[in-house]
Amino acid sequence: MTKKKTFTRSRNNRMIAGVMGGVADYFGWNATWLRIIFVLISFFSVAFPGILVYILAWIIIPDAPKKTNYYSADSRKDVTPDNDDRP
């Protein structure tokens with residue numbers, strides 16, 4: 001079974017908000033080259049449309065879910081000792 005790929009902002013590959021990192025992760029592209037191309041296109045189009053598109057993408061695209069370190073929310077176990085053994 002393959003995992004469904006979702007379009008989210010990246011948590012690992014972010015410079016400002018993770019928009020370009022998320023786009024690069026989704027399509028399998030290099031994030032550095034995507035950022036360079038985006039900046040060049042924004043610069044040569046008088047910068048306003050690129051900044052506006054980035055801010056709108058920041059608002060619209062959801063952030064990637066946080067990854068838990070050791071336990072997931074479903075597998076937490078109570079490890080406190082029972083109080084029945086106390087004198």
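The values are calculated or read from the model by the stated rules, or taken from the named source; none is laboratory data. Just so we're clear, the structure is a prediction, and the values are computed from it rather than from any experiment. Reconstructed Cβ throughout: ideal geometry from the backbone, glycine too, with neighbour counts over all protein chains shown. Surface areas here come from the heavy atoms of the whole protein model, side chains and all, with no ligands, DNA or RNA. Shrake-Rupley method; radii C 1.70, N 1.55, O 1.52, S 1.80 Å.
Results, tabulated for the structure shown:
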{"quantity": "Qualifying chymotrypsin sites (Phe, Trp or Tyr not before Pro) for segment 1-39 [loop in DSSP, other Cβ within 10 Å: at most 13]", "calculated": "Phe7, Trp29"}
{"quantity": "For Asp63, distant residues with modelled amide H under 5 Å away", "calculated": "Arg9"}
{"quantity": "Within the accessible area of segment 1-49 (1.4 Å probe), percent carbon and sulfur", "calculated": "68"}
{"quantity": "Cβ-placed point charges (K, R +1; D, E -1), dipole of segment 1-43 about Cα centre in debye, nearest 20", "calculated": "220"}
{"quantity": "Mean Cβ count within 10 Å, highest first, over the residues of peptides 13-24, 52-63", "calculated": "13-24, 52-63"}
